Amino acid sequence: MSTVTEIQEAIQKLPPKDKSALTAWLESQEDLVMSREEEAALLARLDKAAQGLDTGKGIPMEKVRGMVGKWATK
């Protein structure tokens with residue numbers, strides 16, 4: 001098997017369990033999207049945001065929904 005087409009045809013013949021295992025393996029081969037430092041910073045910001053929400057701070061969900069369209073067009 002040496003071409004992408006041959007590989008794709010072989011994958012189509014796999015049972016669902018084997019496709020899932022292949023998918024997991026392929027995803028494990030990808031480079032990290034963000035560094036460990038970036039991930040730690042993101043998680044810290046999310047924790048801070050969650051704490052703010054717990055104390056009543058934050059933006060109402062209705063307002064966020066209205067803003068999503070603007071974010072998607074940037």
Pairs returned, first residue in region 3-14 that is at pLDDT below 95, second residue that is surrounded by 10 or more Cβ atoms within 10 Å (Cβ to Cβ) and of a type outside the set (Phe, Trp, Tyr), beta-carbon separation under 7 angstrom, 6 or more apart or interchain, are ILE11/LYS19; ILE11/LEU22; LEU14/LEU22
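Collect the residues in region 26-70 that are over 30 Å from GLN8 (Cβ atoms) and either in a loop (DSSP other than H, G, I, E, B) or touching a Phe, Trp or Tyr at 6+ places or on another chain (Cβ under 7 Å) (or both), keeping them in residue-number order.
Once the filter is applied, which keeps residues that are over 30 Å from GLN8 (Cβ atoms) and either in a loop (DSSP other than H, G, I, E, B) or touching a Phe, Trp or Tyr at 6+ places or on another chain (Cβ under 7 Å) (or both), region 26-70 yields SER35, THR55, GLY56, LYS57, GLY58, ILE59, PRO60.
The values are calculated or read from the model by the stated rules, or taken from the named source; none is laboratory data. As the structure is a computational prediction, the values presented were derived from the model and not from experiment. Glycine also receives a Cβ, built like all others from the backbone with ideal geometry; neighbour counts cover every protein chain displayed.
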